[in-house]
Amino acid sequence: RTDRDPAAQDGAAGILMKYDSRDSEALQAVTAFILRPLSPIEREGALRAVSIPGLTDIKLIDAVATFLDDPLPQTRILAINALSKIGPQAVAQAGPALLEAVHRADQPDDVKAAARKALSEIGWTAQ
């Protein structure tokens, strides 16, 4: 939390999530980190760091879902993939935002396809 270098914090977030993904203080720190303004590379690293199967922290999953509105389509896809890796609960929690991603006219086809795939993995259909 005290290192001002985002790359160092990104690495620390990954280590915290890998080894201590159930600790409430670690989850709070990682959630706060990924919600702050980050560069595209930092956002990518943060999303990879929280792609932990079975993660159940609602606030952290909500934080990942905020990336579904990222200006960069590739970051939106990374967020969708992170939710899928976390598991069905995360996809269901972000379900309304994923459905919105599928139906947005300005959404690139690859983002829509990733959202459809994630939703289909939990039995939701999005036309």
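Some points to look at:
- Size descriptor for the range 38-127, Kirkwood hydrodynamic radius: 12.6 Å (Cα pairs only, one decimal).
- Residue-count net charge about Leu99 - beta-carbon cut-off 15 Å; Lys, Arg +1, Asp, Glu -1: +2
- Residue by residue, the range 32-48 carries 3J(HN,Hα) couplings of 4, 5, 6, 8, 7, x, 10, 6, x, 5, 5, 4, 4, x, 5, 5, 5 Hz when phi is fed to the Karplus relation 6.51 cos²θ - 1.76 cosθ + 1.60 (θ = phi - 60°); x denotes Gly or Pro.
- Remark: accessible surface ordering of Glu42, Glu25 (largest first) is Glu25, Glu42, probe radius 1.4 Å.
- Neighbour-limited loop hits for trypsin sites (Lys or Arg not before Pro), the range 80-120 (at most 15 other Cβ within 10 Å; DSSP other than H, G, I, E, B): Arg104
- Per atom type, the range 69-127 shows carbon and sulfur on 55% of its accessible surface, probed at 1.4 Å.
- With a Förster radius of 30 Å applied to the C-beta separation of Thr125 and Asp69, the computed FRET efficiency comes to 0.85.
The values are calculated or read from the model by the stated rules, or taken from the named source; none is laboratory data. These numbers come from a predicted model, not from an experiment. Every residue, glycine as well, gets a Cβ built from its backbone with ideal geometry; the counts of neighbours run over all protein chains shown. The protein model used for the area step is the full one, side chains on, heavy atoms only, and it has no ligands, DNA or RNA in it. Shrake-Rupley method; radii C 1.70, N 1.55, O 1.52, S 1.80 Å.
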